[in-house]
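Undergrad: The structure is given below, and queries will be raised subsequently.
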Amino acid sequence: MIEVINVNKTFGDNQILKDVSATFEKGKVNLIIGQSGSGKSVLAKCIVGLHEVDSGQILYDERDFTKMDRLQRKEIRQEIGMLFQGSALFDSMTVEQNIKFPLTMFTKMSKKEMQERVDFCLERVNLTGKNGLYPAECSGGMQKRIAIARAISMNPKYLFCDEPNSGLDPQTSILIDNLIREITYEYDITTIVITHDMNSVIEIGDNVTFINQGQNWWQGDRKSIITTDNPEINDFVFASDFMKEIKETLKKI
Amino acid sequence: MGIIQNIGKYFMMMYIVFSKPEKWKIFRRRFFEEMELIGVKSIPIVALMSAFMGAVIALQTASNMDNPLLPAYTVGYITRSSTILEFSPTIISLILAGKVGSNIASEVGTMRVTEQIDALEIMGVNSLSYLVLPKVTSAMIFFPVLIIFSIGLSLIGGWLSLKLSGLSSTETYIYGIRFFYRDSDIVYALTKTVVFAFLITSIASFKGYYTKGGSLDVGKSSTEAVVSASVAILIANFFLTQMFLL
């Protein structure tokens, strides 16, 4: 479980996060949603330590990340897997080398064990046999799946996904969403997904945190998001007339 | 203020770069990869530049020596001295600042804007040590080799140009090259090269690592890296010359 307690973050005179508190539960897909510029990506970067918080606490299973030194953070980071918006695969490495990279850096596995782990991860994301390809030779959806394979190679306790569906067609988006959900349940990990994609919210949002103007505006599950009367979240989730109609229909059901 | 801040940031970066690598085995592998990329792949351009540089120095010297009091071997002597003391270490380093500097800045800058560096950090890898240390160390070790190679080729280029133009004989040229030779000149040239190698790779890495934005900014960082490294080489050259020769 990851807990964010009263986190504040300012860039110059611009306060991005204002006393944000949220809980991201283990074994669930926790979504962070919000408009562009609302502070959701900054919140995620604060949680993983790419940005330092001005004040507040970030607890990884009760271990305060904000008070840790570099070495302690390094240990926590080896428990984190992250899927970046643009996949962030290492261009100069093959698919296999990308997945093997964290294993080579942080484990004492033998070559055979590493190979088995790589093959297992590739099989898990349905990319068996693609070991020798370079990221540039793979489609956007494949790159996301390779990034997921790399993220799970170290058996992470925490999985972060930054806009996993950006730039993907609806079918591939669903495939990625399902993969994230399956992995979360299968390995009982704490998954945080930052997304704009309303389909993801409805499909996989076990726990949804809505960030608005740098604050935690609303938190609930995918069912309560449909029934909520919160005007800001309704404006965001059901922005179009078509979506508003769907909401009304769903409410009646 | 911006320059002072950047200098401070640069030194803080270098402090992290020189921290202990995560795994020596990986550092060794990366070190040799960088040596090939930065050093071995620069051999053709260094060879071409050096041969023509030596040829031009020899021709210029020979064609401008119209005083009968000057001995004929002066051509070889001047070619050797200017090649060892200035042309090979400084001019070749300036060329390498362009080739290697822009390569490093664009590689690291692209990794920054495509979040590959963030990916390394999140995995718990010291990205500066992993990416920059092998570049800096391999350049500091391989550039002197390149400069020795450059000196040799430059002298051969000088000899060939004189031979083909008939401005001096081989014996006289070789006598000039060997005349009043000091080992300390080579030490001076190599020391300069090590400093220049450090400046080129570290400044280019700094510019690349702190790139913000997109592909356009990577290009900008690359240009800034070449300009900054070249200026740093010229300034360092001035101080090193004062320290060693005066």
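Undergrad: For a Förster distance of 35 Å, can you work out the FRET efficiency between the beta-carbons of B:Val56 and B:Met243, rounded to the nearest 0.05?
TA: Computed FRET efficiency for B:Val56 and B:Met243: 0.75.
Undergrad: Oh, and also: What is the calculated FRET efficiency for A:Asn155 to B:Asn64, with r their C-beta to C-beta distance and R₀ = 51 Å, to the nearest 0.05?
TA: 0.10
Undergrad: For chain B, take the longest principal axis of its alpha carbons; what is the angle in degrees between that and the long axis of helix B:183-209, to the nearest 10 within 0 to 90?
TA: Long axis of B:183-209 versus the principal axis of chain B: about 30 degrees.
Undergrad: Enumerate by residue number the GluC sites (Glu not before Pro) in segment A:60-110 meeting two conditions: DSSP loop (anything except H, G, I, E, B), and at most 12 other Cβ atoms within 10 Å of the site's Cβ. Present the calculation step by step, with values, prior to reporting the outcome.
TA: On the way: sites: A:Glu62, A:Glu75, A:Glu79, A:Glu96; in loops: A:Glu62, A:Glu79.
Answer in residue order: A:Glu62.
Undergrad: Here's something else I'd like to know. Among the lysines, select those whose C-alpha is under 18 Å from the C-alpha of A:Lys223, and discard any that sit fewer than 8 residues away in the same chain.
TA: Partners within reach: A:Lys28, A:Lys244, A:Lys247, A:Lys251, A:Lys252.
Undergrad: Can you list residues whose amide H is under 5 Å from A:Trp218's amide H, if they're 5+ apart or on another chain and H is modeled 1.01 Å from N?
TA: Those lying under 5 Å, H to H, from A:Trp218 are A:Phe210.
Undergrad: Shifting gears a bit: May I ask for the net charge around B:Gln116, where only other residues with Cβ less than 11 Å from the Cβ of B:Gln116 are counted and Lys, Arg are +1 while Asp, Glu are -1?
TA: Result for the local shell: -4.
Undergrad: Taking the Cβ of A:Ala239 as the center, what net charge do the other residues with Cβ under 14 Å away carry, scoring Lys and Arg +1 and Asp and Glu -1?
TA: Its environment carries a net charge of -3.
Undergrad: Given DSSP loops and a limit of at most 15 other Cβ atoms within 10 Å, what is the longest stretch of chain B that contains no such chymotrypsin sites (Phe, Trp or Tyr not before Pro)?
TA: Here the longest run is B:19-178.
Undergrad: For segment B:66-221, list log₁₀ I(q)/I(0) at each q in 0.09, 0.19 Å⁻¹, using the Debye formula over Cα point scatterers of equal strength and ignoring solvent, two decimals each.
TA: Rounded to two decimals, the profile gives -0.43, -1.05.
Undergrad: In segment A:161-198, which residues have a backbone nitrogen under 20 Å from the label point lying 7 Å from A:Asn126's Cα in the Cα-to-Cβ direction?
TA: A:164-187
Undergrad: Taking amide H positions as placed in the peptide plane 1.01 Å from N, state which residues far from A:Gly39 in sequence (5 or more) or on other chains have amide H under 5 Å from it.
TA: Under 5 Å from the amide H of A:Gly39 lies no amide H from a residue far enough along the sequence or on another chain.
Undergrad: Something else now. Tabulate in residue order the Karplus-calculated ³J(HN,Hα) for segment A:186-193, using 6.51 cos²θ - 1.76 cosθ + 1.60 with θ = phi - 60°, rounded to whole Hz; enter x for Gly and Pro.
TA: 4, 9, 6, 10, 8, 10, 10, 10
Undergrad: Angle, helix A:140-152 long axis vs. longest principal axis of chain A, Cα atoms, 0 to 90°, nearest 10?
TA: 80
Undergrad: In degrees from 0 to 90, rounded to the nearest 10, what is the angle of the helix B:43-64 Cα long axis to the longest principal axis of chain B?
TA: For helix B:43-64, the angle is close to 30 degrees.
Undergrad: Sticking with the crude label model, points 7 Å out along Cα→Cβ, report the distance from B:Ser19 to A:Asp229 in nm, one decimal please.
TA: 5.3
Undergrad: Now for a separate question. Would you kindly state the longest site-free stretch of chain A, with sites defined as trypsin sites (Lys or Arg not before Pro) in a DSSP loop (not H, G, I, E, B) surrounded by at most 15 other Cβ atoms within 10 Å?
TA: Result for the longest clean stretch: A:109-222.
Undergrad: Then there is this: Expressed as a whole percent, how much of the Cα-Cα distance distribution for the protein assembly as shown exceeds 39 Å?
TA: Details: 48920 of 124251 pairs.
Percentage above 39 Å: 39.
Undergrad: For segment B:178-246, with only Lys/Arg (+1) and Asp/Glu (-1) charged at the beta-carbon, what is the dipole magnitude about the Cα centre, in debye rounded to 20?
TA: My answer is approximately 20 debye.
Undergrad: Now for a separate question. Antiparallel DSSP bridges in the protein assembly as shown: what percent, to the nearest 5?
TA: Percentage antiparallel, nearest 5: 55.
Undergrad: With each pseudo-label sitting 7 Å past Cα toward Cβ, what's the A:Gln35-A:Glu62 distance in nm, one decimal?
TA: 4.0
Read-outs throughout are calculated quantities, based only on the coordinates presented, and are distinct from any laboratory measurement. All of these numbers come straight from a predicted model, not from anything done at the bench. Neighbour counts run over all protein chains shown; Cβ positions are idealised from the backbone, glycine included.
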